[in-house]
Amino acid sequence: MKHYILGGVSVLALSAFAFATSAHTIVLGAAVSQSGKYSTNGQHTMNGYNMAVDMINANGGVIVNGEAHDLAIKYYDDESTPARGAELAERLISQDGVEYLLGPYSSGLTKAIAPITEKHGVPMVEANGASRSLFTNGYKNLFAVLSTSEQYLASSITLLDEVAKASGRDPASMTIAMAFENDPFSQDIRAGVMDDAAKYGMTIVIDDKLPKDLSDMTPTLTKVRALKPDLLVVSGHSKGAATAIRQINEQNVYVPMLAMTHCDSADIIGKFGAGAENTLCAAQWAPTLTYSDDLMGSAGDFASAFEKLYDYAPPYQAAESAAAVMVFADAFTRAGSLDQDAVRAALAATELSTFYGNIDFDDTGKNIAKPMVLYQVQGGALKVVGPTQWAESAIVHPRPEN
Amino acid sequence: MDKIYANIELLTSFAPTINLELIANGLLVGAIFGLIAYGMALVWGVMNIINVAQGAFVILGGYMAFFFIETMTGILPDAPHILWIVLSMAVAAVGMGLFAMIVFRLVVDKVLERDLFVSLLATFGIELVMQQGMNIMFTAEERVIDAQLQTFSFMQNMVNIPGSRALGAVLGIAAAVLLVVLVRYSRFGRAMRATSQNARAARIMGIDTRRVYEMTYALNGAICGVAGSIVAFVFILHPFQGLIYTLRSFVIVILAGVGNIAGVIFAALSLGVYENYSGFVLGPEFQNGMVFIIVPIALLVRAAIMRRKRQYLK
């Protein structure tokens with residue numbers, strides 16, 4: 001019985017593969033959240049993937065060994081649950097015969113899928129799993145185009161050091177309040193902030209862990225008001241960002257510098273208007289950056305093309321997802337064949353400049369060529385203020401008291 | 001441990017202001033939770049059903065209020081905002097009342113006579129379907145209503161009462177008082193109490209108990225609608241955010257004791273304050289955990305008191 005099943009599966013796999021190659025199409029598989037709590041960001045991810053695939057196909061496809069191939073993506077809905085994601089990755093590989101995978105949305109899902117791709121030796125380029133624990137297992141088939149989580153808010157500490165020096169104060173006298181959600185991703189961000197704070201000798205005065213079903217930050221904010229830190233960093237996905245902005249304003253809490261993640265996915269400007277002013281936001285990417293490539297043009301070109309297509313400005317989740325598809329296309333061309341080993345080697349040797357930033361994978365598979373950027377909400381728009389060499393605008397510091 | 005000592009030290013060194021703020025905020029938040037718990041207590045007491053879908057009802061009510069306000073401010077941008085806030089509550093109350101009535105006819109009515117486990121499962125199922133339905137209809141994006149109310153500051157800005165929370169608490173308490181009066185003095189309230197005491201006897205006396213159950217469930221829906229619109233301008237709306245409201249109301253009803261309607265408000269206010277203190281001293285990650293720790297304690301204490309009084313829990 002077992003043999004029949006195995007035989008059946010391999011025939012299915014072969015036929016799927018035969019179908020794929022005869023039409024000169026390379027099928028990439030992806031389990032992305034279309035329902036459940038990650039469905040919004042899952043949609044951003046899919047839009048990014050789809051747009052890149054359409055652009056590549058419209059521009060002559062992927063040239064592999066002199067022959068043009070179209071790209072196509074086979075999607076499944078992982079329902080925002082890791083167990084389902086792993087199941088679907090298995091299905092994509094063993095039943096549908098997909099040989100290359102694009103990543104899901106979120107670190108948790110990526111963590112569930114990575115062991116499956118590793119087991120089958122299927123290369124996966126992912127764009128939405130930033131947890132640093134993904135890159136400590138020695139995976140050979142995992143490639144991530146984005147900056148990893150411990151870098152997310154570290155740039156805000158560097159910026160605090162710069163503004164302290166500019167105002168003639170000792171960076172070591174700076175105090176930091178931290179409120180991070182109690183999940184692996186946010187705690188990675190916290191670890192990065194702690195490392196950088198220690199580097200500059202800054203003191204951490206509040207270190208609160210926010211619960212997953214957070215609705216009220218008052219106890220933390222009461223502490224902030226009493227201890228008056230120089231910087232408040234908050235990270236708790238989009239819910240954390242929206243809750244923090246709302247309650248910081250409502251409770252009249254003042255900090256000279258406020259940095260957080262997920263400002264754009266929480267749309268804090270649209271929701272809170274002036275209440276979001278001068279908030280610093282960490283982002284993987286910004287449309288105003290000067291990166292560019294031949295396919296998408298500049299970061300700004302990508303943004304306007306995306307908006308024309310999907311009717312909303314691309315969040316960085318969409319940009320990095322598009323970049324992941326471009327990495328695959330580039331690797332197929334350089335490998336000169338569709339052999340998994342050749343493609344894996346080509347992926348590992350990637351040195352690509354894209355509209356999203358430079359991409360160069362280290363031995364663990366994470367992209368080390370692209371820094372995080374720090375926006376500030378200025379006059380109702382996001383302006384890049386850090387790292388200083390990419391800045392389009394000077395930081396407003398301290399935030400004016402209202 | 002050091003962190004906890006540091007927090008206690010902070011609490012005592014800024015004693016008047018921090019304590020005042022934690023208490024005030026706890027009371028305001030507690031009043032909102034109290035309203036939701038009130039609806040749960042009603043359904044629990046009258047129908048012997050623990051409505052696990054309570055949180056999803058609240059969130060759906062919030063969405064109704066959100067979309068009502070968004071539509072109305074689009075049509076009549078010049079009308080005073082507070083008018084829409086108040087009207088949105090009425091809209092959410094009516095909308096959720098009707099919604100609850102439909103849910104009752106489709107599901108709850110079928111499991112009324114079965115044991116508690118079946119109704120627990122059924123209402124849990126309703127919760128799941130509603131969560132996913134809201135996720136599909138409204139997306140997982142967080143929504144908030146901006147109440148556009150100012151914050152009241154006292155003691156050199158050290159104690160702050162956000163206008164939205166104050167409004168939420170006032171409306172929550174007003175709705176609860178209205179309900180107490182309704183249950184105690186109206187004809188329908190009398191029928192409700194009779195049904196809850198002895199459904200069979202009530203039926204013999206000519207009360208249409210099925211109708212009473214339906215109206216009770218609809219009334220709970222309306223309460224959730226009002227609470228949902230408060231949640232939308234005080235906290236945040238998200239399809240999967242409902243469960244904490246279910247759990248909190250469950251704890252509040254347990255603390256007050258099933259059938260003790262007046263106790264609900266007291267339990268809710270104390271829980272709000274207690275929660276704020278535990279979040280402050282132990283850290284926010286323990287805030288929810290500390291809420292649940294008091295459930296077994298409350299049950300043990302109540303059992304001990306009951307035994308002394310020679311009473312028993314039904």
### Query
What number of residues within region A:28-37 are more than 7 Å from chain B (Cβ to nearest Cβ), assigned to a loop (DSSP other than H, G, I, E, B) and buried (at least 21 other Cβ atoms within 10 Å of the Cβ)?
1
### Message
Looking only at region A:286-332, filter to residues that are surrounded by 18 or more Cβ atoms within 10 Å (Cβ to Cβ) and among the charged types (D, E, K, R); which one of those is farthest from A:Asn59 (Cα to Cα)?
### Response
A:Glu320
### Query
Just checking, how many residues over region B:101-140 are surrounded by fewer than 17 Cβ atoms within 10 Å (Cβ to Cβ), modelled with pLDDT under 85 and within 14 Å of another protein chain (Cβ to nearest Cβ)?
1
### Query
Scanning for something hydroxyl-bearing (Ser, Thr, Tyr), part of a helix (DSSP H, G or I) and within 14 Å of chain A (Cβ to nearest Cβ), does region B:234-248 turn up at least one residue?
yes
### Summary
Within region A:270-287, the residues that are touching a helix residue (DSSP H, G or I) at 6+ places or on another chain (Cβ under 7 Å) and either within 14 Å of chain B (Cβ to nearest Cβ) or not small (Gly, Ala, Ser) (or both) are A:Lys271, A:Phe272, A:Gly275, A:Ala276, A:Thr279, A:Leu280, A:Cys281, A:Gln284, A:Trp285, A:Pro287
### Message
Could you go through region A:60-69 and let me know if any residue there is acidic (Asp, Glu), more than 14 Å from every other protein chain (Cβ to nearest Cβ), surrounded by fewer than 23 Cβ atoms within 10 Å (Cβ to Cβ) and assigned to a strand (DSSP E or B).
### Response
yes
### Query
If B:Val253 satisfies every condition in (1) over 12 Å from the mean Cα position of the chain (by Cα); (2) touching a residue at least 60 places away in the same chain (Cβ under 8 Å); (3) within 30 Å of B:Ala194 (Cα to Cα) but one, which is the exception?
(1)
### Query
Hey, among the residues in region A:235-248 that are among the polar types (S, T, N, Q) and facing chain B (nearest Cβ under 9 Å), which one's farthest from A:Tyr316 (Cα to Cα)?
A:Gln247
## Note on the structure
Per the filter on region A:182-234, residues away from chain B (no Cβ under 11 Å), of a type in the set (A, V, I, L, M) and part of a strand (DSSP E or B) are A:Leu231, A:Leu232, A:Val233, A:Val234
### Query
So which residues in region A:205-242 are among the hydroxyl-bearing types (Ser, Thr, Tyr) and crowded, with 24+ Cβ neighbours inside 10 Å, if there are any at all?
A:Thr218, A:Thr220, A:Thr222, A:Ser235
### Query
Could you count how many residues in region A:249-269 are within 11 Å of chain B (Cβ to nearest Cβ) and either among the aliphatic types (A, V, I, L, M) or in a helix (DSSP H, G or I) (or both)?
6
### Message
Here is a check on your reading of the model: is B:Leu269 under 29 Å from B:Ile69 (Cβ atoms), within 14 Å of another protein chain (Cβ to nearest Cβ), surrounded by fewer than 24 Cβ atoms within 10 Å (Cβ to Cβ) and among the aliphatic types (A, V, I, L, M)?
### Response
no
### Failed item, numbered, when A:Ala319 is tested on (1) in contact with a Ser or Thr (Cβ under 8 Å, 6 or more places away or on another chain); (2) more than 14 Å from chain B (Cβ to nearest Cβ)
(1)
### Task
For B:Val251, state whether it is more than 9 Å from chain A (Cβ to nearest Cβ) and not in a helix (DSSP H, G or I).
no
### Query
Quick one: is B:Val183 farther than 30 Å from A:Asn41 by Cα, without any contact (Cβ under 8 Å) to a residue 12 or more places away in the chain and either in contact with a Leu (Cβ under 7 Å, 6 or more places away or on another chain) or away from every other protein chain (no Cβ under 14 Å) (or both)?
no
### Query
Can you pull out the residues in region B:133-170 that are under 15 Å from B:Gly61 (Cα atoms), part of a helix (DSSP H, G or I) and under 23 Å from the mean Cα position of the chain (by Cα)?
B:Gly133, B:Met134, B:Asn135, B:Phe138, B:Gly168
### Query
From the list B:Val29, B:Val94, B:Val52, which residue is more than 14 Å from every other protein chain (Cβ to nearest Cβ) and part of a helix (DSSP H, G or I)?
B:Val94
### Task
Tell me, please, whether a residue that is within 24 Å of A:Leu159 (Cα to Cα) and of a type in the set (Phe, Trp, Tyr) can be found in region A:262-277.
no
### Message
If A:Leu210 meets every condition in (1) closer than 30 Å to A:Ile93 by Cβ; (2) of a type outside the set (D, E, K, R); (3) modelled with pLDDT of 90 or more apart from one, which number is that one?
### Response
(1)
#### Entry: Criterion: at pLDDT below 95, of a type in the set (Gly, Ala, Ser) and in a loop (DSSP other than H, G, I, E, B) - qualifying residue of B:Gly279, B:Gly206, B:Gly263, B:Gly272
B:Gly206
### Query
Exactly one of (1) modelled with pLDDT under 90; (2) over 16 Å from the mean Cα position of the chain (by Cα); (3) of a type in the set (Gly, Ala, Ser) is unmet by A:Ala164. Its number?
(1)
### Query
Is there a residue in region B:8-24 that is under 30 Å from B:Val159 (Cβ atoms), surrounded by 24 or more Cβ atoms within 10 Å (Cβ to Cβ) and under 18 Å from the mean Cα position of the chain (by Cα)?
no
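The values are calculated or read from the model by the stated rules, or taken from the named source; none is laboratory data. Computed from a predicted structure; not experimentally measured. Cβ coordinates were reconstructed from backbone atoms using ideal geometry, including for glycine residues, and neighbour counts include every protein chain displayed.
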